[in-house]
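The values are calculated or read from the model by the stated rules, or taken from the named source; none is laboratory data. Computed from a predicted structure; not experimentally measured. A quick note on method: Cβ atoms are made from the backbone with ideal geometry, for glycine too, and the neighbour counts reach across all protein chains shown.
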Amino acid sequence: MEALQFSGCKGRLLWAALCQNSFAFGTRRFSGTSLASRLCSPWLRSCKTKPGSLPIIQDGSCLKHPGAKRLASNSSFNIPPSAEFVARPVGVCSMFRLPTQRSTEGLDVAFVGVPLDTGTSNRPGARFGPRHIRAESAMVRAFNPSTGADPYHSLMVADIGDVHVNLYDLKDSCRQIREAFRKIIAGGCIPLTMGGDHTITYPILQAIADKHGPVGLVHVDAHTDTGDQALGEKIYHGTPFRRCVDEGLLDCKRVVQIGIRGSSYSSSPYKYGRDQGFRIVLAEDCWMKSLVPLMAEVRKQMGEKPVYISFDIDGIDPAYAPGTGTPEIAGLTPAQALEIIRGCQGLNIVGGDLVEVAPVYDASGNTALLGANLLFEMLCVLPGVKTI
C-alpha cells in the first residue's frame, strides 16, 4: 500500500490500514509534529520491529490503539478493511479497498481495469469508468448477507490495476488487451474487469477461449452487439459478439442475451443472433416480473462447461444508470440485475466484466456505484466462494 514518511519520526510506517500486504508504490512527505507524534505513540512503539524495518500491523501486539482494531487479520486472505474502524476515504483508491499488486501471482481472482472508449459510437467517457467504479466501491462491504457469500475468506483477491491501451489505435488496444489477459488467466486466475466500452470483451474472450475453448455467455445489455460494421470498421462496441462468433470463441447454443431493447436499423435486428442459436430475452419480456425462473432455465442451458458474464450497464434502465454512452429507455431494474447475477451461482464462471460506465453523464456517481455492486455480486457467485 502507500508508504508515508514523516519528519520528526524515525523510520517509515507502511500504511497497513488497508491490508496486511506490504506492497508499496512510493513515498509522500508530510510535516507536522502532531502526525509524527501519532506515529511515535506507545501503541506503535510496542510493535516488534527490527532496526530500519517497516512496522507492519500483523498481529495483536500492535492493536492497543483504538483505531488499530481490525487493521489486521489472522486470515491468510486479503480482507478489505471495515469502515467501522478505517474511514472510507483513507488509503489508495483500489477496488473494494483491496490490496494492489502488479501481477496475478498467488491470486484466485483479479480485478482489472481497461480504460478504453475508442470504440464508442455515441457519448464517450467510459475510459474513466474503472477509476470511478473503484472510488464508489468503497461503499461495498465484505459480506453478502442476502446470499450468505463470504468471498474474501474463500478466495485470494486483489486489484492488479489497469491494462495499457492505445487511445489512438483501437486494433492495437485489442492486441494489448488480448496479450494482457492471456497472462492474467495463464495461472488459473479469474479476471473481473471494469470497462471501458464493450469493445474490450472481444479481445478478453479471445484470451479466455485460448485457455478454455468456446465458452457460454450470459450477456446483459440493451443491445445485442452483433453488428457487422459501422463507418467501414468491423471492430467497435457494437460488434464484439459478431467477431466472437466469426472466430469460434462462443458456444453459441449456450449464449443468452438479456434486456435487449430499443429502436433498430433494420426490421429484424435479432435475426443474426437467433440464427446462431442465441437465446435473446427482450426487455419487455422482463417487465414487472422476477427473473428467478428465467435464470433457472439459463443454469440448465449453461450446464457445467465454462461460462463468461458480460454486463453492459446500459442493460439497466437509465433512470437508475444514466451514466452511460448509449442509454435506452424501459430497461431492467437493479433488483433484476441482482437476480440475473445471483442466478449464475453454481455455474463454471471463468471471467466477467462490467462495461460502459461513463461517469461524466451521472454527477451523482450512482451509475458507478451500481457497477461496483454488480461486480461484487459477480465475485460472490464465483466457483469456490463459501457461504456462511
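Assorted remarks:
- Within the range 266-292, the set of residues being crowded, with 17+ Cβ neighbours inside 10 Å and aromatic (F, W, Y) comprises Y272, F278.
- Among the residues of the range 257-273, those that are more than 17 Å from I309 (Cβ to Cβ) and small (G, A, S) comprise G262, S263, S264, S266, S267, S268, G273.
- Within the range 308-329, being over 30 Å from D251 (Cβ atoms) and touching a helix residue (DSSP H, G or I) at 6+ places or on another chain (Cβ under 7 Å) holds for Y320, P322, G323, P327.
- Odd one out for I185, checked against (1) surrounded by 24 or more Cβ atoms within 10 Å (Cβ to Cβ); (2) under 16 Å from the mean Cα position of the chain (by Cα): (1)
- Here the range 336-373 is the region considered, the condition is being under 26 Å from D210 (Cβ atoms) and in contact with a Pro (Cβ under 9 Å, 6 or more places away or on another chain), and the residue that is surrounded by the fewest Cβ atoms within 10 Å (Cβ to Cβ) is G346.
- For the range 276-297, the count of residues that are within 28 Å of C189 (Cα to Cα) and touching an Asp or Glu at 6+ places or on another chain (Cβ under 9 Å) is at least one.
- For the range 266-294, the set of residues classified as touching a residue at least 12 places away in the same chain (Cβ under 8 Å) and closer than 26 Å to Q206 by Cα consists of P269, Y270, Y272, G273, Q276, G277, F278, R279, I280, V281, listed by residue number.
- Residues (part of a helix (DSSP H, G or I), more than 15 Å from the chain's Cα centre (by Cα) and under 18 Å from T193 (Cβ atoms)) located in the range 114-173: L170, S173
- The range 366-388, residues that are under 22 Å from I200 (Cβ atoms) and not hydrophobic (A, V, I, L, M, F, W, C): T367, G371, N373, E377
- Qualifying residue in the range 136-149 (condition: of a type outside the set (D, E), farther than 30 Å from I388 by Cα and in contact with an Asp or Glu (Cβ under 8 Å, 6 or more places away or on another chain)): no
- Which listed residue, of D221, D210, is closer than 23 Å to I316 by Cα, in the same structural domain as Q301 (by TED's automatic domain parsing) and not polar (S, T, N, Q): D221
- Check on A110, free of Cβ contacts under 8 Å to residues at least 60 places away in the same chain and of a type in the set (G, A, S): no
- Candidate set: the range 298-349, residues that are of a type in the set (A, V, I, L, M, F, W, C), assigned to a helix (DSSP H, G or I) and within 16 Å of V281 (Cα to Cα); chosen: the one nearest to the chain's Cα centre (by Cα): I341
- Test: G259 is in contact with an Asp or Glu (Cβ under 9 Å, 6 or more places away or on another chain), in a loop (DSSP other than H, G, I, E, B) and touching a residue at least 40 places away in the same chain (Cβ under 8 Å): no
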